[in-house]
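> Encoded as structure tokens, here's the structure I'll be asking about.
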Amino acid sequence: MTYCLAMRLDEGLLFLSDTRTNAGVDNVSTYRKLHVFRPGDDRVFVLQSAGNLATTQEVLDRITRDLAAGGESLNTVNHLFEAALYLGRLSSDVARNHAATLGANANATFILGGQVGDEAPDILLVYPEGNYIRCSDDRPFLQIGETKYGKAWLDLAVRSHADMATAGKIALSSMAATALANLSVGPPYDLGIYRTGSHELQHARIAGDSPFLSRLVDVWRDHLLAAMHALPEIEPGDIALLEPESRPT
């Protein structure tokens, strides 16, 4: 399984991906799910992937091949949405080539983020069918993979005016919630920070034994427990009691 998330902020973009993949509890591996392409000084693209690992790797190989071939590629698009359509075509073509043996298991889903020229940076979710959606201004984040456990934290905390440091803590808290609930998601985590206009990605890897990650998870747990104890007590009359259900004899 996988968990990847991306945020669009006033300062730029933030990406966080786990690295755990598994084909059963006895076959767990680590693979990078955050990939960076910088084909020119005026553009940078960040891909996060979920789904079939072989499809993802073939898509990445085709992107690299196209950049070297000089035809349509990430170096020829003029807008980020054109890059999303290009990525979608590659992904759906690869999945279709293997559909006879794998069916829907050949599919992959991507988050594509970055900036082309002077356009505002953005993040788009590219579906296996090849189409895409943008994040909204009200909910400026996207998720792929095991999204449900960390989503509530993002819904409550993410706003476009969050600074990069705050967004990083929100993202790691969302990842921690997912990893605690699902053992198929886990460290090391790849963190990417893109500042508007830089056309470069700051990339860091956070290991599972990172002291900072341990402190963050401990504080996150402590505050959740404190919040639980701060909830109001249920008093008599607060909840209407139902009569015992009667069953026909």
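The values are calculated or read from the model by the stated rules, or taken from the named source; none is laboratory data. Keep in mind it's a predicted model, so treat the numbers as computed, not measured. A quick note on method: Cβ atoms are made from the backbone with ideal geometry, for glycine too, and the neighbour counts reach across all protein chains shown. The area values use the complete protein model at the heavy-atom level, side chains included, leaving out ligands, DNA and RNA. Shrake-Rupley method; radii C 1.70, N 1.55, O 1.52, S 1.80 Å.
> If you count only protein heavy atoms with a 1.4 Å probe, what accessible area per residue comes out for the chain, rounded to a whole Å²?
53 Å²
> Counting only protein heavy atoms, what percent of the accessible surface of segment 78-207 is carbon or sulfur at a 1.4 Å probe?
53 percent
> Skipping prolines and chain starts, which residues have an amide H placed within reach, meaning under 5 Å, of the one on T147, given they are 5 or more residues away or on another chain?
Close amide H contacts, sequence-distant or interchain: none at all.
> Still on this model: Assuming R0 = 35 Å, can you tell me the calculated FRET efficiency for the pair E235 and L53, based on Cβ-Cβ distance, to the nearest 0.05?
Numbers: r = 53 Å, r/R0 = 1.51.
For E235 and L53, the calculated efficiency is 0.10.
> Sequence neighbours fewer than 8 away in the same chain don't count; with that in mind, list the aspartates and glutamates whose C-alpha is under 16 Å from K148.
The reachable aspartates and glutamates, counting only those whose Cα sits under 16 Å from K148, are D18.
> Run the numbers on segment 1-148 and let me know its relative contact order in percent, using alpha-carbon pairs under 8 Å that are six or more apart.
Relative contact order for segment 1-148 comes out at 29 percent.
> Moving on. How large is ³J(HN,Hα) for each residue in segment 32-46, as worked out from phi by the Karplus curve 6.51 cos²θ - 1.76 cosθ + 1.60 (θ = phi - 60°), to whole Hz, x for Gly and Pro?
Result, rounded to whole Hz: 5, 10, 10, 10, 10, 10, 10, x, x, 5, 9, 7, 8, 10, 10.
> A further question on this structure: Percent relative contact order of the chain, based on C-alpha pairs within less than 8 angstrom and at least six residues apart?
Rounded, it is 25 percent for the chain.
> Moving to a separate point now. Determine by what factor the alpha-carbon radius of gyration of segment 1-136 differs from 2.2 N^0.38 Å, reporting the quotient.
Dividing the Cα Rg of segment 1-136 by 2.2 N^0.38 Å gives 1.04.
> Could you calculate the FRET efficiency of H79 with E243 from 1/(1 + (r/R0)^6), where r is the beta carbon distance between them and R0 is 51 Å, rounded to 0.05? Before the final figure, lay out each step's value.
Working: r = 63 Å, r/R0 = 1.23.
Taking R0 as 51 Å, the efficiency between H79 and E243 is 0.20.
> Quick one, could you list the DSSP H helices from the chain stretching 20 Å or more along their long axis (Cα atoms) with average Kyte-Doolittle hydropathy of -1.0 or above?
Result, helices passing both filters: 53-69, 80-97, 164-181, 211-230.
> Moving on to the next point. With n ≥ 4 as the cut-off for DSSP H runs, can you work out [θ] at 222 nm for the chain, using -39500 (n - 2.57) per run divided by the number of residues, rounded to the nearest 500?
Only helices count here, giving -11500 deg cm²/dmol.
> Give the residue from V44, G12, T30 lying farthest towards the positive end of the charge dipole for the chain; charges sit on Cβ (+1 for Lys and Arg, -1 for Asp and Glu) and the dipole is referred to the Cα centre.
Checking the options against the dipole of the chain, the answer is T30.
> By average Cβ neighbour count within 10 Å, what is the ranking of 126-137, 167-178, 144-155, 221-232 from highest down?
Sorting 126-137, 167-178, 144-155, 221-232 by mean packing, highest first, produces 167-178, 144-155, 126-137, 221-232.
> In percent, how large is the relative contact order of segment 118-249, given Cα pairs closer than 8 Å and 6 or more residues apart?
Once divided by the residue count of segment 118-249, the mean separation gives 15 percent.
> With every protein chain left in place and a probe of 1.4 Å, what is the accessible surface of I234, to the nearest 10 Å²?
120 Å²
> Near the amide H of I123, under 5 Å away, which other amide H atoms are found, from residues 5 or more places off or on another chain, if H is placed in the peptide plane?
Long-range HN contacts for I123: C135.
> Oh, and also: What dipole magnitude, in Debye to the nearest 20, does the chain give about its Cα centre under +1 on Lys/Arg Cβ and -1 on Asp/Glu Cβ?
That gives a dipole near 580 debye.
> Going highest first, how would you order 85-94, 38-47 by mean Cβ packing within 10 Å?
Values: 85-94: 20.1, 38-47: 18.1.
Result, highest mean Cβ count within 10 Å first: 85-94, 38-47.
> How large are Rg and Dmax for segment 111-249 when only the alpha carbon atoms are used, in Å?
When restricted to the Cα atoms of segment 111-249, Rg and Dmax are 20.6, 76 Å.
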